[in-house]
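Worksheet: one structure, shown below.
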Amino acid sequence: MHIEENPHDVQAADLIVGIPSYNEADIISFPTQKASEGLVKYFGSKNSVIINCDNDSKDGTREAFMNTPTEVPKIYLSTPPGVTGKGNNLKNLFRKSCDLGAQAIVVVDADLKSITPRWIKNLGEPLFEDFGFVAPLYVRHKYDGTITNNIAYPMTRALYGRRVRQPIGGDFGFSGELAEIYLSHENWTPAIAAFGIDIWMSTIAMCHGKSICQSFMGRPKVHKPKDPGESLGPMFVQVVGTIFDMMIDRCPFWKEVRWSKPTAIFGFGLGEMEMPPPVDVNIERLYDKFQAGFADYGSFWKEVLSANLSKKLSEVKELSLAGFEFPANLWAEMLVDFAVAYKHCKDGKQKLMESIIPLYFGRTCSYVIESEPMTIQQAEELIEDQCGVFEYSKSYLLNRWFE
Amino acid sequence: MKKILIVDDEEVIRILYAEELEEEGYEIVTAGSGHGLIEVIEVEKPDLVVLDIKMAEHDGLDLLQDIRKDFYNIPVVLCSAYSSFKGDLKSIAADYYVVKSADLSELKQKIRMALEGHIPHQSTQE
């Protein structure tokens with residue numbers, strides 16, 4: 001069930017730009033305008049439409065979207081009142097894309113401040129050149145995207161063998177064929193209906209053998225700042241929980257994967273990359289939250305982690321902030337132990353997932369300290385090295401998963 | 001036997017790599033420049049390319065893009081005396097990036113990993 005407003009009575013489209021939202025009235029006009037400009041400039045011969053897939057926002061998001069002057073027709077879709085979640089929004093988009101017979105769908109976040117018309121070209125054009133899924137490639141500040149850098153990227157790379165740098169980037173493109181596959185999927189969890197949707201879509205694309213490319217956006221992703229302390233918990237649990245769910249679901253695939261392969265690149269020649277704005281991180285708070293985790297979950301962690309990893313974690317606990325280090329190999333193997341525990345967990349998955357958060361703060365604290373004197377590029381190499389560590393830990397995963 | 005194409009404008013490097021990698025059991029072919037590289041790949045059909053970046057007449061990163069256009073699945077190991085080219089986003093199209101060293105153990109390891117790399121065509125779930 002959904003709510004639809006289609007004033008131009010659009011019944012078919014080759015190319016769709018979808019903009020998922022929830023209470024984005026103050027900013028949704030900007031990406032809507034840029035999407036229209038991009039569709040007109042680069043896809044003038046295509047039959048296009050812009051769709052806002054919303055969660056029945058009460059702040060006037062619908063009005064802000066529909067009143068934005070555009071050359072391209074617009075459709076407003078919403079979940080029923082009270083139903084929220086980005087995944088639910090995108091499910092409505094999958095359905096509408098199939099109804100309209102779209103060949104290509106581009107999704108951009110509603111709170112984007114740095115989007116240009118070229119983003120629409122770069123995310124959409126590969127879909128007309130036989131690519132099934134397009135992930136964004138943009139320069140991010142070394143402290144931005146820490147769930148991506150420390151979990152989503154290294155884990156998907158080690159599991160599925162595809163080097164997709166931004167598997168939960170929020171801006172992406174996919175083919176109409178893939179939209180049908182997404183829509184037909186039966187294992188639709190509450191996490192996928194929320195922030196787990198991005199990693200779910202990327203993983204399905206990887207496992208389905210669809211040709212994947214990464215597209216240079218040319219500009220860094222700049223969007224409305226969110227308070228990580230307020231929104232991190234649910235998002236973390238949904239993203240990492242979906243990764244673990246997919247590990248169970250896709251085990252026959254990932255157990256055959258060895259090492260990783262580079263992913264095709266689209267959009268070279270954009271000139272100089274613009275640098276992202278700085279991101280402030282409070283190292284002391286990360287360290288304190290890591291230490292506080294021992295009071296809340298210390299005994300629980302001993303049940304989840306192998307004796308060897310528990311011992312190493314105890315050693316890390318004793319380190320002062322000045323000499324703090326949470327090694328990447330310890331982090332990678334801990335995630336393996338949590339994934340195995342998740343696989344066997346019948347009740348209490350929520351607690352299991354929430355208990356990872358202090359450890360994630362510890363690993364993030366260590367990464368921030370290590371990368372503090374580094375340029376963005378040097379920090380990027382650090383992340384690549386961490387990915388290598390995750391790939392080497394695959395043998396540990398295989399042993400633990402099947403023991 | 002796996003065949004490796006070494007592309008480097010320094011003869012001493014080509015000879016060193018060829019000798020060391022032949023001892024590892026690989027068949028080696030070499031090219032002293034990027035001239036006609038695509039044709040060389042078409043004829044020799046290597047299983048992997050070791051590609052220098054800073055060559056007198058060619059930029060290895062541009063050659064990498066040319067290789068990727070026509071032979072997407074051939075593993076390419078970039079091998080340069082400079083680590084700074086890692087900062088060029090074009091380098092991520094390579095399977096691995098190795099900084100040249102008298103000790104070839106890292107190069108051999110990356111070659112082995114690139115040749116072993118495997119991704120099933122499609123999940124059995126779909």
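The values are calculated or read from the model by the stated rules, or taken from the named source; none is laboratory data. Note that the structure is predicted; figures quoted are calculated from it, not measured. Here the Cβ is made from the backbone with ideal geometry for all residues, glycine too, and neighbour counts use every protein chain on show.
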Give the range B:79-89 a look and list any residue that's within 11 Å of another protein chain (Cβ to nearest Cβ) and among the aliphatic types (A, V, I, L, M), or say none. B:L89
Only one of (1) within 21 Å of A:F174 (Cβ to Cβ); (2) in contact with a strand residue (DSSP E or B) (Cβ under 6 Å, 6 or more places away or on another chain); (3) surrounded by fewer than 17 Cβ atoms within 10 Å (Cβ to Cβ) fails for A:N52. Which number is that? (3)
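Every residue, every condition in (1) crowded, with 20+ Cβ neighbours inside 10 Å; (2) within 26 Å of A:E125 (Cα to Cα); (3) of a type outside the set (G, A, S); (4) more than 11 Å from the chain's Cα centre (by Cα), yes or no:
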| site | (1), (2), (3), (4) |
| --- | --- |
| A:A152 | yes, yes, no, no |
| A:R162 | yes, yes, yes, yes |
| A:D171 | yes, yes, yes, no |
| A:G176 | yes, yes, no, yes |
| A:I181 | no, yes, yes, yes |
| A:N187 | no, no, yes, yes |
| A:I199 | yes, yes, yes, no |
| A:V222 | no, yes, yes, yes |
| A:G241 | yes, no, no, yes |
Just checking, which of B:I111, B:I41, B:I92 is of a type in the set (V, I, T), assigned to a helix (DSSP H, G or I) and facing another protein chain (nearest Cβ under 10 Å)? B:I92
Just one of the numbered conditions (1) among the aromatic types (F, W, Y); (2) at pLDDT below 95; (3) surrounded by 13 or more Cβ atoms within 10 Å (Cβ to Cβ) is not true of B:Y97; which one? (2)
Single unsatisfied condition, A:K312 versus (1) closer than 20 Å to A:I248 by Cβ; (2) touching a Leu at 6+ places or on another chain (Cβ under 7 Å): (1)
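Quick grid of which residues meet (1) touching a helix residue (DSSP H, G or I) at 6+ places or on another chain (Cβ under 9 Å); (2) small (G, A, S):
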| position | (1), (2) |
| --- | --- |
| A:G298 | yes, yes |
| A:L313 | yes, no |
| A:E318 | no, no |
| A:L321 | yes, no |
| A:F326 | yes, no |
| A:I356 | yes, no |
| A:E370 | yes, no |
Any residue that is touching a strand residue (DSSP E or B) at 6+ places or on another chain (Cβ under 7 Å), within 14 Å of chain B (Cβ to nearest Cβ) and modelled with pLDDT of 95 or more - is there at least one of those in the range A:108-130? yes
Do the conditions hold for B:E126, that is, is it at pLDDT 90 or above, on the phi < 0 side of the Ramachandran plot and at the interface with chain A (Cβ under 7 Å from one of its Cβ atoms)? no
